[in-house]
Structure formats: C-alpha cells, structure tokens
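One structure is given below, encoded as structure tokens.
What follows is calculated from the coordinates using simple rules that are stated; it is not laboratory data. Predicted model only: the values in this text are computed from it and were never measured. Note that each Cβ is placed from the backbone with ideal geometry, even for glycine, and that neighbours are counted across all protein chains shown.
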Amino acid sequence: MLSVFVSVVRRDLLLAWRRRSDVLTALGFFLLVTSLFPLGVGPEPDQLSRIAAGVMWVAALLATLLSVQRLFESDEADGTLEQMLLSVEPLAVIVLAKVCAYWLLTGLPLVVIAPLIALQFNLSPDETLIVCATLLIGTPTLSLLGAVGASLTLGLRGGGALIALLVLPLYVPLLIFGAGAVDAWRAGLGVQSHLALLGACLLVAFAVCPLASAAALRIAQD
Amino acid sequence: MSDSPLSAARVPSAGFSLFHYASPQTFFPLAGKLLWPCWIAALLLTVAGLYTAFFVAPTDATQGDSYRIIFIHVPAAWMSMVIYMAMAFWCAVGLVFNTRLSFMMSSALAPTGALWAFIALWTGALWGKPTWGTYWVWDARLTSELILFFLYCGYMALQAAIDDPRRADRAGALIAIVGAINVPIIYFSVKWWNTLHQGSSVSMTQSPTMATTMLTGMLLMALAAWAYTIGVALVRVRAIMIERERHTDWVRQLSQAGSNGDMNA
C-alpha cells in the first residue's frame, strides 16, 4: 500500500517535471490575481493590508480550482485511470497519492510565494507568518476537496464552471477560517483557534475526500 | 437489485416489505393516490394559515405589520433545510440499497428545495429593508442560506450535465452527501466569522417571544409548505419515473390505460 502510494507520487512528480509549464500556470494565475486587487481597489497601504489575507485566500481557492480539474484528465486520456481502477490496491490510496503530488506541485508553491505577495500588500512579518501558516494547513484541504469535484466532473461538458459551482460552496469554511486568522490576530485574539479549526477541516477532508473521490471515479468510469 | 421486476414479483402481497414500494412500478400508483390528499391539505392549510396570519395574529409592537412576512419566510427557510437533508437521506439510501427510486426521489426534491431557499432569501431581503434598513446583511443565517442555495444549484447542474441517468444519479448523490456533511461546518464557520466581524448589530436571536397566534399561523403555513412540497415532489417523481422507464412494459400499459382516461390505475 505504501509502495503504491510512493510510486504514484513519484510518477506524478516526474510527469509534471516533464511538462513544467502546467505547474507554473497555477502559480502565475495566483500572482496575477493578487496583483490585480491593488489596481482595482486602490493602493492605500492600510486598506491593502486589511484585505491582504482575504485576497490571497480567494486567489488560492481560484488557483486550486483552475488546476485541480485537470487532476485526472491525462490519466483518463491515456488509459492509466482504468488501470488504477482495476488495481488490487485500494483506489482511495492511489487518489490520495495523486492529491499529495498535486499539492506538492501547486499548493506548496503558493505557500512559498505567499510572503512575496504579503510584502506587496504591506503585511507585517508576523501577519505574513500567520497567512503562510493558514495556507500551509489550508491548501491540502483545498486540494482534497478539489479532487472530489474533479472526479465528479471528469469528462463532462462545461467541466470548468461546473466544478466551481460544486466545490466553491464547500470551500467557504476554509476561506473564513483562513482569512479570519489575521483579523483575529489584529483584534488581539489568538490565532490558535483558527489554525486548530483549519487542522480539523484538513483531518475531516483527509478521512472523507479520498474515499468520496474514489467512489466518484468508479461512477464516472462505470 | 431490489427494484428489478424479478424481486418485485418475489415480494409476497400479504406480508409487508420495506422494499415493496421501492420499485417505480409499484410506487407510481401509490404516488398518484397520495397526490390529491397532499393538494387538499396544502390548500386548506394555506387558507387557514393565511387567515391566521392576516386577521388573527396581532400587529407586532416593534415591527408593525411588516413582520407578517415571517409567515412565508420561516416556513421557506425550514423547508429548504429539511429538503436538503431529505435529499441526502434518499441519496444515501440509493447508494446503500441500489434502488433507482431513491435517486429519482432525490432529484425530484431538488428544484423545490432550491425554490424554497430562493424564497427564503428573497422574503428575507424584503423583510430586512423595513426592519433593519437594508436588504442584505452578511448575517450567519443569510449567508448560510445563500450557500445552501448554491449547493442545490450545484447538485442540479451536475445532474443536468450528465446524460447517463445512472451516472447522474450516483454522482449527484455523492455531492449531495458531501454537501450534507459540510452544511453544519458551513453554518458554524459563518456564524463565528460573523461574530468576529460584528459588521452590523442586527441580531435575530434576541427577538421577543412570539404571541401564540403568530406561532399558530407560522406552524400552519409550515405544514402547508410540507404538503405542497410532498405533492409537487410526487408529481415530479412520477414524471421522472415515466421518462426513465418509458421502455418498460408497465409504462406501456400505463400509457394505454392513460389513453382510456385513467392515469391512476
């Protein structure tokens, strides 16, 4: 079980390495969207630092949404997905491995690049650390929930808009806890509760989403 | 497959079986018989409820007559939540027992649930203007109702995007169940978010206790909403049954009988 997990992760990372531009698209999207906000709402530093966490979180949601819909696409196109469905190993483990690889390729770079955007939005070092921490705990959950949406909409017409309609409502709690952490810290409350709630969301998603996604893949390929 | 004709034939007519009405063939006439009682109950309860609402219930001390929108608003909000739970329930039953009818029931309920959610939002906005001075506040209940409306839309959009009914049923069921797990999380997250922001000082929980007649009117309207929902869901599920089972013998017989003027037989 562990060996299949490792080999799927390694395979997906290798495939991504061979087509690097796909990975950079989501990151570029994240950078671009966050850069648009100062142009839209005005460059006052106070205002920017007030909306920074929310903007970064919304941009992270959209960047995930944009890239996650291709999670199973190439596997379906070249027949790998059928082999995965026929495999004796549990499908949920394979899905989890794919989500892990996906998060390493798109979620983690967002977290890494977030301080740069925080700098543009006039956040203090403490606040930057908080935003990065929430993104670090929150983006895996985004990937897990996105995988459910991706497997449900696999091969459907209008997949992009559909996955947004399915997944974005489920992202609401994460957005609230993630973006709320900085506000709570400014209000003098601790950030621990927000981080703990994000962690709780991650654990629930970790338990439910691979199974739901595997079930959805079986439905899609029935 | 409890809903195949074979197992339906195996069910003895004397003993009660949980799955007797799980087949479209046996459920169709039952749904037809239940329709009229639902419509009559809905009509009578609506008349009684509206009479209580407009003529019996007193004018509110603080809100005047504008509070009377509560008689449609609160039942609509209740129904939107109950129907989502019912949908998720039927989806779970369908996935566990592999009964087609459960999925049909679920997709028959979804448009009505979305309609109630929309009515709750709309009437809430109209109620908010005279009492709070604004059509919309980002209150926990309003926001979670809005998200519930989006969840209904997602379920219906997913079903509409899939041509194969079997896949549509199962994929829809999955998202309905995942949504149902998420509904409490969404509600509490929005609630805590709202207390932290404290944007508006509107609180709906601090309203004074209601007069008994107001409560009676509201309950009557809620029961009317139940009766209407059940009736309209039965109509829709009958339509779905006929559409999906159009190649089977019982629908063919039904259409022959229908041309003789008796659809309930």
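Here are the numbers for the structure shown:
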{"quantity": "Identity of the residue in segment A:145-162, surrounded by fewer than 24 Cβ atoms within 10 Å (Cβ to Cβ) and either part of a helix (DSSP H, G or I) or touching a strand residue (DSSP E or B) at 6+ places or on another chain (Cβ under 7 Å) (or both), that ends up nearest to the other protein chains (Cβ to nearest Cβ)", "calculated": "A:L162"}
{"quantity": "Qualifying residue in segment A:193-200 (condition: aliphatic (A, V, I, L, M), free of Cβ contacts under 8 Å to residues at least 40 places away in the same chain and buried (at least 18 other Cβ atoms within 10 Å of the Cβ))", "calculated": "yes"}
{"quantity": "Subset of segment B:83-115 [surrounded by 18 or more Cβ atoms within 10 Å (Cβ to Cβ), part of a helix (DSSP H, G or I) and of a type in the set (V, I, T)]", "calculated": "B:I83, B:V93, B:T112"}
{"quantity": "Total residues in segment B:24-55, condition loosely packed, with under 13 Cβ neighbours inside 10 Å, closer than 26 Å to B:T212 by Cβ and in contact with a helix residue (DSSP H, G or I) (Cβ under 9 Å, 6 or more places away or on another chain)", "calculated": "2"}
{"quantity": "Residue in segment B:153-165 that is farthest from A:L168 (Cα to Cα), counting only those that are within 7 Å of chain A (Cβ to nearest Cβ) and either in a helix (DSSP H, G or I) or touching a residue at least 12 places away in the same chain (Cβ under 8 Å) (or both)", "calculated": "B:A161"}
